[in-house]
Structure formats: C-alpha cells, structure tokens
Amino acid sequence: MGRLLKRSIEFFLFILLLSFISFVFMKLAPGDAVREMLRAEDVAVTSSQIEEQREALGLNDPVLVQYGQWLGRLVHFDFGTSYMTNRPVMEELLGKLPATLLLTCSSLLVLIVIAIPLGTLSALYPNRVIDRCSRLLAVLGTSVPSFWLGLLLIEGFSVRTHVFPSMGTGSMAHLVLPSLTLGLTMAAVYVRLIRSSLLESLGQDFIKGARSRGLGGASVLVRHAFRHALTPVVTMFGVSIGSLLGGTVVIEVLFAYPGMGKFIIDAIQSRDYPVIQGYMVLMGLIVTIIHILVDLLNDVLNPEIRLKGEQ
C-alpha cells in the first residue's frame with residue numbers, strides 16, 4: 001500500500017511539473033499565436049485588432065496568472081480551445097488518438113511476430129547460422145533510420161509495384177507500410193534484448209534444477225526461462241508503447257497518416273499553443289500510466305522486484 005501511495009504522489013508531481021514546463025516553454029517560444037490565428041483568416045488586421053484579440057484570450061496577463069487559470073481548467077480535463085479550429089482541444093486530440101492507437105498496435109504486432117521467434121531461436125542455438133543471421137539483421141535494423149526505411153518501402157511497394165498505398169488512411173492496406181517501418185526498426189532492438197535475457201535465464205541454477213527433475217525442454221523454456229527473461233523485455237515494451245504513441249511524428253508526416261503526430265506538427269507550425277500544451281500533458285498522462293502498469297506487471301512476473309521495493 002505504501003508503494004502504491006508513493007507511485008501516486010510521484011505521478012501527480014510529475015504531471016504538475018510537466019504541465020508547468022510545457023506551459024512556460026510555449027510562452028518562451030518565438031512567434032505570435034494571435035498573428036498566426038488572424039493570418040489564417042486571410043484578412044488584413046491592424047495592431048489594435050491584434051491587441052484586442054490578445055486581451056480577449058488573456059495573453060496579456062502575467063505568465064503565472066495564465067498558468068494558474070489553465071491549471072484550474074486542466075484539473076477538470078479542460079485543455080482549452082484551439083486557436084485554429086475554435087474547437088475544444090480535448091475533442092481534437094481524442095479525435096486523432098484512435099488512428100495513432102491503431103498504428104501503434106499494428107507496429108507492435110510486427111515487432112512481436114519478428115522479435116520473439118528470432119530472439120528465442122538465437123538464444124536456443126547460439127553461434128549457429130540462425131543466431132548469426134538474426135544478429136546481423138539486428139545490427140542492420142538499429143543502423144537504418146526509420147524515415148529512410150520508410151522511403152525505401154514507399155519506393156519498393158508503392159511507387160514501383162503499387163502493392164500498398166503510401167499515403168492517408170481508409171483501409172488496412174494503408175497501415176502496412178508505416179507499421180512495417182516502425183515495427184522493423186524496433187524489432188532489431190528486441191531481438192538482441194530477448195536473446196541476451198533468455199541466454200542469461202537459461203544459465204540460472206533454477207533452470208538446471210528444473211531440467212534435473214526431468215521437466216521437458218518446452219516446459220522449462222515457457223514456464224521458467226521465459227518468465228524470468230521477460231522482466232527487462234516487458235519494461236522495454238512499456239517504453240516502446242509510450243514512444244510510439246508520442247513519437248510517431250516523423251512516420252505519420254512521411255506517410256501523411258492522420259494521427260496525433262501529424263496533428264501536433266500542424267499545431268506547431270500554426271503556433272496553436274493550447275493544442276501543443278494539451279498534447280504534452282495528455283501524452284505525459286498516458287506514458288506515466290503505462291509505466292505504472294508495466295511496474296505492476298513486473299511485480300507479478302518477478303516477485304523478487306516487489307520484495308526489494310517493499311524493503
């Protein structure tokens with residue numbers, strides 16, 4: 001119970017700090033959101049009109065006063081109103097979230113299908129052909145930038161062969177190329193991680209004891225070795241989910257995929273500060289919750305971690 005309370009306090013302190021940093025950084029950013037907003041309406045504006053709009057939006061108030069007002073609305077999950085669309089920021093973000101979630105899940109599926117078999121076979125047959133090939137692929141995967149891999153996939157499967165669409169959304173086929181781009185680059189890291197974790201697990205005394213009791217190879221691998229080896233993998237998996245949800249910006253722009261990443265780039269270009277601030281806080285909430293769930297899952301997989309945390 002004490003550990004759960006500690007995590008809850010850390011969670012709220014982190015969100016408070018994140019909200020303050022995101023708000024202050026937006027105020028320090030160059031450019032004028034009001035000028036961008038009025039310019040988007042394609043009408044000639046005067047200095048007095050700009051000043052009136054700034055006053056109406058409360059942008060002339062001291063920064064701490066603006067932050068306090070914004071934080072008060074944030075407590076009620078009111079992220080404000082977008083300068084560009086004049087719609088609630090939360091409504092805008094939640095409207096883009098399903099597309100990003102779908103891309104994240106499909107990318108993780110590609111990762112799992114590739115990384116688990118290759119990593120497991122590499123650990124079971126070290127220094128064999130399959131191990132050398134998987135390590136070579138892992139090195140190549142970590143060396144290739146994701147955007148360059150995406151360009152290669154577009155050239156090979158869209159421009160030349162017209163097998164998959166390269167832009168937009170509308171069908172599952174639109175997910176193939178961006179999912180492969182993200183999944184392949186991440187799978188390279190996981191192949192090496194699964195291999196090293198499983199090799200270490202297979203050398204533990206409890207594995208040797210299980211085998212000496214006559215347990216079959218599959219039973220030892222699945223029930224004992226994998227469970228012990230999953231702790232670092234699960235931790236890394238949580239980090240990957242967070243990075244995918246908040247860091248698919250380049251890939252979404254490259255494939256013109258209408259998710260949160262592309263949406264936030266548009267908001268940055270138009271200096272839509274409420275959208276940018278809301279995006280940072282929402283991603284902070286989601287990533288922090290994911291990390292807490294990963295910690296709880298690791299407690300289940302490896303009780304030794306929980307016992308150390310309670311000491």
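The values are calculated or read from the model by the stated rules, or taken from the named source; none is laboratory data. Predicted, not measured: the structure shown is a model, and the values here were computed from it. All Cβ positions, even for glycine, are placed from backbone atoms using ideal geometry, and neighbour counts span all protein chains on display. What goes into the accessible areas is simple: the full protein's heavy atoms, side chains included, and nothing from ligands, DNA or RNA. Shrake-Rupley method; radii C 1.70, N 1.55, O 1.52, S 1.80 Å.
Listing for the model above:
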read-out: Relative contact order %, the stretch 133-185, counting alpha carbon pairs below 8 Å whose residues are six or more apart; value: 39
read-out: Exposure of ILE241 as accessible area (Å², to 10), given a probe of 1.4 Å and all protein chains; value: 40
read-out: Overall Cα dimensions of the stretch 230-289, principal axis frame, Å, largest first; value: 43, 25, 12
read-out: Most to least accessible of VAL110, VAL239 (protein chains only, probe 1.4 Å); value: VAL239, VAL110
read-out: FRET efficiency estimate (nearest 0.05) - Cβ-Cβ, THR85 to ILE286, R0 25 angstrom; value: 0.65
read-out: Rounded accessible area of PHE77 (nearest 10 Å², 1.4 Å probe); value: 130
read-out: With every protein chain in place, the stretch 125-194: carbon and sulfur % of accessible area (1.4 Å); value: 70
